[in-house]
1. Could you check D74 against (1) open to solvent by 30 Å² or more (accessible area, probe 1.4 Å); (2) touching a residue at least 12 places away in the same chain (Cβ under 8 Å); (3) of a type in the set (D, E, K, R) and say which number it fails?
2. Out of the residues in the stretch 43-59 that are touching a strand residue (DSSP E or B) at 6+ places or on another chain (Cβ under 8 Å) and either in contact (Cβ under 8 Å) with a residue 60 or more places away in the chain or not in a helix (DSSP H, G or I) (or both), which is surrounded by the most Cβ atoms within 10 Å (Cβ to Cβ)?
3. Going through the stretch 62-84 one residue at a time, which ones are aliphatic (A, V, I, L, M) and in a strand (DSSP E or B)?
4. Taking the options Q138, Q62, name whichever one is polar (S, T, N, Q), open to solvent by less than 30 Å² (accessible area, probe 1.4 Å) and in contact (Cβ under 8 Å) with a residue 24 or more places away in the chain.
5. Could you identify the single residue in S39, S105 that is of a type outside the set (A, V, I, L, M) and either open to solvent by less than 40 Å² (accessible area, probe 1.4 Å) or touching a Lys or Arg at 6+ places or on another chain (Cβ under 7 Å) (or both)?
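The values are calculated or read from the model by the stated rules, or taken from the named source; none is laboratory data. Note that the structure is predicted; figures quoted are calculated from it, not measured. Cβ sites come from the backbone with ideal geometry, for glycine too, and all protein chains shown count toward neighbours. Ligands, DNA and RNA are excluded from the accessible area calculation, which covers all protein heavy atoms including side chains. Shrake-Rupley method; radii C 1.70, N 1.55, O 1.52, S 1.80 Å.
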Amino acid sequence: MSARFAALALLAMLAACGGGGETPEDVAMQRLQEELTRSFPAGTYVFRSQAEMAAAWNAAPQEFGDAKPMPAIDFSQSMVVGISMGVGIRCFVPTITAVTRVGASYTVSYRANDGSGGTTLACLHTWRLTDFVAVPAQPGTVAFQRVPG
């Protein structure tokens, strides 16, 4: 009987601290690949304000494609998340495949072909290796996860 009581107590504690195995739910995302045309340094990005995005935008050079103005995002409703792998062969542009939410935390899943897949002559030129999406604003953490593909 005490083992059963211990198991129930453990389940109650996990549920109370958010570890109850909540199922991630998909988050709607708007692609910004064609709007964010700068060559951002390699890293992950979370912009919760126009000022945060402007600072990164102004520091990143416009090296490829047509210069565009920084997009206007309604940061009272949205935030921007993204991945950059710097500059490299266009075949290796990362792609955000999904954004999911558990509680107030987001997970951004992305796929990247760098060093792990084939290339074609059509994409063997240098390009910005970035992908950005707008998602509903939330105050929690944002984690990035590379998925096979």
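1. Single failed check for D74: (2).
2. Among residues in the stretch 43-59 that are touching a strand residue (DSSP E or B) at 6+ places or on another chain (Cβ under 8 Å) and either in contact (Cβ under 8 Å) with a residue 60 or more places away in the chain or not in a helix (DSSP H, G or I) (or both), the one surrounded by the most Cβ atoms within 10 Å (Cβ to Cβ) is F47.
3. Our first condition is that a residue be aliphatic (A, V, I, L, M); within the stretch 62-84, this holds for 67, 70, 72-73, 79-81, 83.
Residues satisfying the conditions are M79, V80, V81, I83.
4. Numbers: Q62 fails: open to solvent by less than 30 Å² (accessible area, probe 1.4 Å).
Of the residues listed, the single one that is polar (S, T, N, Q), open to solvent by less than 30 Å² (accessible area, probe 1.4 Å) and in contact (Cβ under 8 Å) with a residue 24 or more places away in the chain is Q138.
5. Values: S105 fails: either open to solvent by less than 40 Å² (accessible area, probe 1.4 Å) or touching a Lys or Arg at 6+ places or on another chain (Cβ under 7 Å) (or both).
Selected residue: S39, the only one of S39, S105 that is of a type outside the set (A, V, I, L, M) and either open to solvent by less than 40 Å² (accessible area, probe 1.4 Å) or touching a Lys or Arg at 6+ places or on another chain (Cβ under 7 Å) (or both).
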